[in-house]
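Here the structure comes first, spelled out in structure tokens, and everything after it is commentary.
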Amino acid sequence: MTIFRETDRPLTDDEIGDWLRDLRGKPYSIESGFDVTSVFRARLGVADTFYFAGVNVENPDHRVSTHGEEGAIAAMVVALGRKAELVEGWVMGAPRGLARGTDNPLGNVEVSCCGKCRQQIANFASEDVVIHSVALNGSASTTTMGRYLPDQFSFRQFRPAAAEDDATPPPAPTAAEIEQRLIRTGSAPTSAEIFDWLRSLESANAASGTSDAVVLKLTDGTLVAGVKIEEAAFQDVNAIQCAAAIANAAFGRITVTEMWSFSHGYPGAPDDSFATPQLSALQTLLEFAQNPDMPIHLFNKAGEQRDTTLTDAARQALTPG
């Protein structure tokens, strides 16, 4: 799988660099033309050789774009849940079309994570976590999160009780289980099987306590999952952004033909209610939708399904109350 690897040893810098370069061409860099690829090593409990990759996914509404680092975080949270930790990271950025060995000066730039991504990383990383900035041509520089973002603000300050709740992680899943959480291919699952998939996923939701999960269906029938990832400065990644980031990193430019959504935990919402995705999330979906009337299936907590379309869901999201 291009976005996930589990190893019995840490990957070498050369192996990571090759992976970052192999991901080039996958980013959806429609406006900038600048491909950012990222790899993070993650820990769950004592297991710390899970690697997740991400790419930047741009949107005409710039605020709902996701960066390469956020894409890797998206894959990590879907795969390992909200108790996962980042323990090392690598990022590469250069204009699309350049290859290693280019004489373009931008092939030697060791790009730095932007402020938004530093804040996202801090949500899952301690101050001593090492981040490597890797140039397309191979040079690299290294820093730590403590130097990247001094006096970090995260849920450890915002919601310390939630951080304590996350102190005991569950057993680490197998590689096969991780792949099944992220992406599924083959025979089409039933609605009940998709609902079971959705409710097995954990949102990173220390701020609100609410959970959102989606599954996107691509043109070849591949299914890709995503969850909401909250962040202490409210630079959140919604569930559709998360799934789109994972899908683009895995396959390059995608087209979505169908979506299933499950939300729960919202105050005052009865178990039989159906939550429509927020308009900002639907904006992300619109960029990749096969057509504006593509089907959307909403589940309630009881597992019942209500069917709508992207167009009607957008109208519903605009309706007060």
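Looking across the range 85-128, the residues that are open to solvent by 40 Å² or more (accessible area, probe 1.4 Å) and either of a type in the set (Gly, Ala, Ser) or in a helix (DSSP H, G or I) (or both) come down to Gly97, Ala99, Gly101, Pro105, Leu106, Asn108, Ser112, Gly115, Lys116, Arg118, Ser126.
Inspection of the range 20-27 finds no residue satisfying the criterion of being farther than 24 Å from Ser141 by Cα, among the hydrophobic types (A, V, I, L, M, F, W, C) and surrounded by 18 or more Cβ atoms within 10 Å (Cβ to Cβ). Considering Ala207, Ala302, Ala313, the condition of being of a type outside the set (Phe, Trp, Tyr), over 23 Å from Tyr28 (Cβ atoms) and more than 19 Å from the chain's Cα centre (by Cα) is satisfied by Ala302 alone. Do the conditions hold for Ala204, that is, is it buried (at least 24 other Cβ atoms within 10 Å of the Cβ), on the phi < 0 side of the Ramachandran plot, in contact (Cβ under 8 Å) with a residue 24 or more places away in the chain and touching a Leu at 6+ places or on another chain (Cβ under 7 Å)? Taking the combined requirement at face value, the residue does not satisfy it. Being open to solvent by less than 30 Å² (accessible area, probe 1.4 Å), more than 17 Å from Gln316 (Cα to Cα), touching a Lys or Arg at 6+ places or on another chain (Cβ under 8 Å) and not hydroxyl-bearing (Ser, Thr, Tyr) is the filter here; which residues of the range 252-290 pass it? Within the range 252-290, Gly252, Val256 meet the criteria. Here is the figure for the range 28-56: residues that are closer than 15 Å to Val77 by Cα, surrounded by fewer than 18 Cβ atoms within 10 Å (Cβ to Cβ) and charged (D, E, K, R) total 1.
Among the residues that make up the range 130-146, is at least one of them part of a helix (DSSP H, G or I), of a type in the set (A, V, I, L, M) and surrounded by fewer than 16 Cβ atoms within 10 Å (Cβ to Cβ)? Looking for residues that are part of a helix (DSSP H, G or I), of a type in the set (A, V, I, L, M) and surrounded by fewer than 16 Cβ atoms within 10 Å (Cβ to Cβ), one finds none in the range 130-146, hence no.
Where helices (runs of 4 or more DSSP H) fall entirely within the range 218-321, those with at least 2 residues that are closer than 30 Å to Gln157 by Cα and either modelled with pLDDT of 95 or more or acidic (Asp, Glu) (or both) are at 239-251.
The values are calculated or read from the model by the stated rules, or taken from the named source; none is laboratory data. Given the structure is predicted, the values throughout are model-derived calculations rather than measurements. Cβ sites come from the backbone with ideal geometry, for glycine too, and all protein chains shown count toward neighbours. In case anyone asks, the SASA skips ligands and DNA or RNA and just uses the protein heavy atoms, side chains included. Shrake-Rupley method; radii C 1.70, N 1.55, O 1.52, S 1.80 Å.
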